[in-house]
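The values are calculated or read from the model by the stated rules, or taken from the named source; none is laboratory data. Everything quoted here is computed from the prediction, not taken from an experiment. Quick reminder, even Gly has a Cβ in these numbers, built from the backbone with ideal geometry, and neighbours come from all protein chains shown.
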Amino acid sequence: MSKQHKQAEEYIDIDDEIQTTAQQTGYAWEEEYKRSWDVLQEDEDGSLKRTVENLQHRMKRKKLFRDTSTIRRGIIRHIFLIIDLSEAMMEKDLRPSRLELTLSYAEQFILEYFDQNPISQLGIIVTRGGIAEKLTDLTGNPMDNIRVLKNKKNTDTDGEPSLQNSLEMARSTLIHVPAHGSREILIIMGSLTTCDPGDIYDTIDSLVKENIRVSVVGLAAEVQICKHMCKKTKGIYGVVLNEVHFKDLLFEIIPPPPVSVAQSKAELVIMGFPSSVTDSMPSLCACHSKPTTNGYICARCNSKICDLPTDCPVCELTLVSSPHLARSYHHLFPIDNFVEVPWNSAFTTHCFSCQMPFPNATTSLLGTRVVTETSGRYKCNKCNQHFCIDCDVFVHEVIHNCPGCLATTLSIK
Amino acid sequence: MSVLKDTATVNEDDANLLVLIIDTNPLIWTRSAKSTGLSLKEALRHLLVFINAHLALKHDNEVAVIASHVDVSKFLFPIPTPPRLSEDTDQVVDSNLYQRFKVVNDQVIGNMKDLFEDITTLNSYPDKASSMIAGALSMALCYINRIMRADEIGHIKPRILIISISPDSPYQYISIMNCIFSAQKLGIPIDVCKVHGEDTVFLKQAAHITGGRYLKLQIPQGFLQFLMITFLPDRFTRNYQCLPGEEKVDFSASCFCHKKMIDIGYVCSVCLSIFCHPLEQCSTCRTNLILASVNECGLKLVNGIKKLDKAKGRESGGST
């Protein structure tokens, strides 16, 4: 539970700051005891159903609020995933063990990352025994990354991690990334200590200078150096509470981060849109030198590539297909949050998009006025259609289209 | 969400939810009736037989019908408060007809009539040549989401069938793509039957990306037969069917400035707009773009060509 103090004398000022914030919020064990059962109230039938529904409702709603302003985001991302493989990862406080959970979440993370950021790249670095080891270079192919994680030899644990070595290794690759792409490092850290050859503050300063954003997910307790590093590089630092929270923290990294105009330059990137070919006879592909019949032909150099999106191995042209670009559009044009409809204007009978009947105001006013707090209706401010909570969540998290705006003429004009 | 994910694995005794999206653009249907003889009325008769056939395959099969009209997308079946049901149908109970077929048929026809009688908004839509297919798709996905959420054991396997006649509307590109990707993520195949006119590129991509089927109707008189053979088989049966060779899907990009098809384009790194020539300011997001990088890329291009020449030289040296 305690915070790690490495080189404590340098830290005094920062530590003070931490303590003041801690006093404001208080430690969990110092907080006033919450009587969670007071929230529950029986309705006139003696049933808790309605209260429980309300609570569920609020929980769903809490997840929803997100930033919908159209801000500039770093769509073309370059990220290094640094996985701690020290002995601390063998702890079994997360089930089945920190390591196994990390690996399975890392795999999900990689798939989801490429799903949401199709023209981005990702590489993996592991650190153990005081050294860092690069498993994959930056690549646009999710399967390459997952394959190395599946290899048992790559995921043995040993000794202590080295934060500095792995950061330096990631930095040395990321500085060559073109200026229009974002540079990021994500560290999954199980250990509370690190074994560094030099002064890690120099490394952090150089990371700041190179605009590299470092985010850390800690599996044990808050570590001062990680917090300091994330703060300096404008990353996110989180310590997991449990398995589910671990996943939440990890997946927070998936939507492309906002970038300031000064931070990254806008550039015109040359991209090729290759045509697909199906040959009757197999021929060698340029990327793996394997005989294949299906493939894509690079628009510039005519070499054959197995899969998109990728960089042409011969002429280094970025090759994508138009759906890959389209997949990123929803980050650029997010839809507005729906607003809750108060009971007095809740005149609709059913959800616009899924036809689910809404709760009726009159039936819930039985006897002793046990009205549900919410009317269960959520309104899009553009098209004024009402939606149920499930559609609200689904529309914002999955479809990224407002069915009301698209299905009525009002909003098109 | 986890419930939705295992829609990918199908079993023989799974129930099927078919969401049928009918493009009801009256202008194009009239055109279709003139040129090929297949009018909306005729097509609807075929479709109702098809829907009944779908319901008859398994007792727990479900159907939903959405109209994608010129100005609005609307549910035709099921609707929460069916007013027509009580007026018309209750008096006439046809003993020769399975009640469920009758309910579906009456509601679809009745609601379709309502839709066509209400022509007040018809003139307001700027793009009359098209229909609100993106809205209909979004509604279909929401509806499927609701049904899947209620179905805890993952017994219902959804799919979407679009009866399309209108050409693509460029207004709707992004929203249609969003729908396609969500369908892909949830494992919902989108089938497309193009009844009249040119192939639609968007919907062809939809079928390709989601693993659905795309059919361009060649013989309009045989509409029902094509529906029955191509789109009636459920997702389990489809594993055992051999389709004729897959058609090429056009994934080429067109530039935002001239709508030209291009092989190599310049993409704005901020908003991903595609241009066919280098610009100083992005016309979509108004960011000033640095041309230096194009020069850098140009350098790369030169290097690439050099490499290519070398490679070619080696190749020709090796082969001859």
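Points to keep in mind about this one:
- Identity of the residue in the stretch A:273-288, in a strand (DSSP E or B) and more than 13 Å from every other protein chain (Cβ to nearest Cβ), that ends up nearest to A:MET143 (Cα to Cα): A:PRO282
- When the stretch B:230-253 is filtered for residues that are surrounded by fewer than 17 Cβ atoms within 10 Å (Cβ to Cβ) and modelled with pLDDT of 90 or more, the ones remaining, listed by number, are B:LEU232, B:PRO233.
The rows are residues; the columns are (1) over 21 Å from the mean Cα position of the chain (by Cα); (2) modelled with pLDDT under 90.
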| site | (1), (2) |
| --- | --- |
| A:VAL223 | yes, no |
| A:TYR237 | no, no |
| A:LEU250 | no, no |
| A:ALA262 | yes, yes |
| A:GLY272 | yes, yes |
| A:SER276 | yes, yes |
| A:SER280 | yes, yes |
| A:THR293 | yes, yes |
| A:CYS298 | yes, yes |
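- Qualifying residue in the stretch A:60-74 (condition: modelled with pLDDT of 85 or more, on the phi < 0 side of the Ramachandran plot and acidic (Asp, Glu)): no
- The selection criterion, being modelled with pLDDT under 85 and either crowded, with 16+ Cβ neighbours inside 10 Å or away from chain B (no Cβ under 13 Å) (or both), holds for A:PRO334.
- Here B:THR230 fits the description: among the hydroxyl-bearing types (Ser, Thr, Tyr) and within 18 Å of B:ILE22 (Cα to Cα).
- Selection of the stretch B:155-199 for residues being of a type in the set (A, V, I, L, M, F, W, C), away from chain A (no Cβ under 14 Å) and part of a loop (DSSP other than H, G, I, E, B) yields B:ILE165, B:VAL195.
- Selection from the stretch A:340-361 of residues that are away from chain B (no Cβ under 14 Å) and in a strand (DSSP E or B): A:GLU340
- Filtered residue count, the stretch A:384-413, keeping only those that are in contact with a Gly (Cβ under 9 Å, 6 or more places away or on another chain), modelled with pLDDT of 85 or more and surrounded by fewer than 21 Cβ atoms within 10 Å (Cβ to Cβ): 1
- Taken residue by residue, the stretch A:74-91 has no member that is surrounded by fewer than 19 Cβ atoms within 10 Å (Cβ to Cβ), among the hydrophobic types (A, V, I, L, M, F, W, C), within 14 Å of chain B (Cβ to nearest Cβ) and closer than 30 Å to A:HIS400 by Cα.
- Helices (runs of 4 or more DSSP H) completely within the stretch A:90-182 that count 3 or more residues being without any contact (Cβ under 8 Å) to a residue 40 or more places away in the chain and farther than 24 Å from A:LEU332 by Cα: A:142-150, A:163-174
Yes/no matrix, rows are residues, columns are (1) within 25 Å of B:PHE181 (Cα to Cα); (2) at pLDDT 85 or above; (3) assigned to a loop (DSSP other than H, G, I, E, B):
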| site | (1), (2), (3) |
| --- | --- |
| B:LEU97 | no, no, yes |
| B:GLN107 | no, yes, no |
| B:SER131 | yes, no, yes |
| B:ASN145 | yes, yes, no |
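- Remark: pairs (first residue in the stretch A:214-226, closer than 15 Å to A:ILE200 by Cα; second residue small (Gly, Ala, Ser) and not in a strand (DSSP E or B); Cβ separation under 6 Å; 6+ apart in sequence or on different chains) = A:VAL214/A:GLY235.
- The single residue among B:LEU243, B:LEU272 that is on the phi > 0 side of the Ramachandran plot and in a loop (DSSP other than H, G, I, E, B) turns out to be B:LEU272.
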